[in-house]
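S.K.: Mind looking over this structure? Questions follow.
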Amino acid sequence: MNDTQAALSYTSYLSLDELLDAQHPRSDEHDELLFIVIHQVYELWFKQVLHEALYLQEQLEAGNTAHAVRTLRRILTIFKVVVAQIDVLETMTPSQFTSFRARLDASSGFQSAQFRVLEAVLGRRDERVFAHYPEGGEQRAQIADAMSRPSLFDSFVTYLAVKGYDVPTGRDVTKPLEPSPALQEVLLRVYRDDTGPSVVAEHLVDLDEGMQEWRYRHVKMVERTIGDKTGTGGSSGAHYLRTTLFSPMFPDLWAVRSRL
């Protein structure tokens, strides 16, 4: 009987044989399996968030408030799970991590192409991220492609236009998001109207805050585990991660807070 004729089972549907055989510790240390599983689960969640974000952009650009809000709520809930996973990782002491850290060689979380694509979808435009990806490689191409497309916030601006707001146009989507006084005036109207678009705007603020919470918890986890040591793969570790803190993805949504 070939695979197409075999009865579908829980194991085959979820490809559990392949999934549960995808952990390959490079040492005999007890805690290395936890480290691998946690990071593999991160990558699965990043895959799901990217899947949801693409759908969210489609719904925003179509002016579909209800579907956009539901999708944002799902993404926000996933982010809460992603942040909570750090609690599990922090059950590993510095000495336990050190026991197998040397076996990681040049591998580093900085090499997570999915997270770099997610950052690009959320508006980051920084060619320094390409330092970890060789020219001509598939991962570099994926990140570059994400940086060339409209970001989530660009899709939100399109959504506002669909809803009848006179938004500024002509932004170069390959450039970083910069505060726009003209757009902030539009956002003030959105909040004063207090209809569907204001709900979407507030969920985007929640998403921005959730991303900043993830970055903060990630920094503190690295600091308590390796202090200011050089990160795996030669990265600058906590020093670099601290530079990413408190930088909002959607600056206009924060700029209007004092005027609401």
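S.K.: For helix 65-89, what angle does its Cα long axis make with the longest principal axis of the chain, in degrees from 0 to 90 and rounded to 10?
M.R.: 30 degrees
S.K.: Per residue, how big is the convex hull around the C-alpha atoms of the range 55-140? Give it to me in cubic angstrom, could you?
M.R.: So the per-residue hull volume is 124 Å³.
S.K.: Return the single residue from Pro134, Pro176, Pro168 with maximal mean-square fluctuation; model: Gaussian network over the chain, springs between Cα atoms under 10 Å.
M.R.: Pro134
S.K.: Which aspartates and glutamates, on any chain, are close to Lys175 with Cα under 19 Å apart, when same-chain ones fewer than 8 places away are left out?
M.R.: Glu119, Asp126, Glu127, Asp145, Asp154, Asp208, Asp252
S.K.: Which order, highest average first, do 44-57, 72-85, 11-24 follow once you tally other Cβ atoms within 10 Å for each residue and take the mean per peptide?
M.R.: 44-57, 72-85, 11-24
S.K.: Follow-up. Measure of size requested: the Rg and Dmax of the chain, with Cα atoms as the atom set and Å as the unit; please supply both.
M.R.: Values for the chain (Cα only, Rg and Dmax): 20.7, 68 Å.
S.K.: With point charges of +1 on the Cβ of Lys and Arg and -1 on the Cβ of Asp and Glu, referenced to the Cα centre of the chain, which listed residue (Val222, Ala182, Pro134) lies farthest in the positive direction of the dipole?
M.R.: Ranked along the dipole, the leading option is Ala182.
S.K.: What is the percent carbon and sulfur in the accessible area of the chain, measuring with a 1.4 Å probe over the protein chains and ignoring ligands?
M.R.: 54 percent
S.K.: Between Glu61, Glu178, Glu209, which gets the highest mean-square fluctuation from a Gaussian network model of the chain, Cα cutoff 10 Å?
M.R.: Among Glu61, Glu178, Glu209, the largest mean-square fluctuation in the Gaussian network model of the chain belongs to Glu178.
S.K.: Another question about this same structure. Note the angle between two axes, namely the Cα long axis of helix 138-148 and the longest principal axis of the Cα atoms of the chain, as a number of degrees from 0 to 90, rounded to the nearest 10.
M.R.: 10 degrees
S.K.: Where nothing but the Cβ of Lys and Arg (+1) and of Asp and Glu (-1) is charged, how large is the charge dipole of the range 1-56 around its Cα centre, in debye to the nearest 20? Spell out each step's value before the answer.
M.R.: Details: 2 positive and 10 negative charges, 56 e Å.
Its charge dipole is roughly 260 debye.
S.K.: Under 18 Å from the Cα of Lys220, which aspartates and glutamates turn up, not counting those fewer than eight places away in the same chain?
M.R.: Asp87, Glu90, Glu209, Asp228
S.K.: Let me ask something else. Using Cα pairs under 8 angstrom and six or more residues apart, how large is the relative contact order of the chain, in percent?
M.R.: Working: 251 pairs, mean separation 59.1, N = 260.
This gives 23 percent for the chain.
S.K.: Okay, next question. Place a +1 charge on the Cβ of each Lys and Arg in the range 27-256 and a -1 charge on the Cβ of each Asp and Glu, then give the dipole magnitude about the Cα centre in debye, rounded to the nearest 20.
M.R.: Charge dipole of the range 27-256: 80 debye, to the nearest 20.
The values are calculated or read from the model by the stated rules, or taken from the named source; none is laboratory data. The structure presented is a predicted model; accordingly, all values stated were derived computationally and were not measured. All Cβ positions, glycine included, derive from the backbone under ideal geometry; neighbour counts span all protein chains shown. Each accessible area value is taken on the protein alone, full model and side chains, heavy atoms only, with ligands, DNA and RNA left out. Shrake-Rupley method; radii C 1.70, N 1.55, O 1.52, S 1.80 Å.
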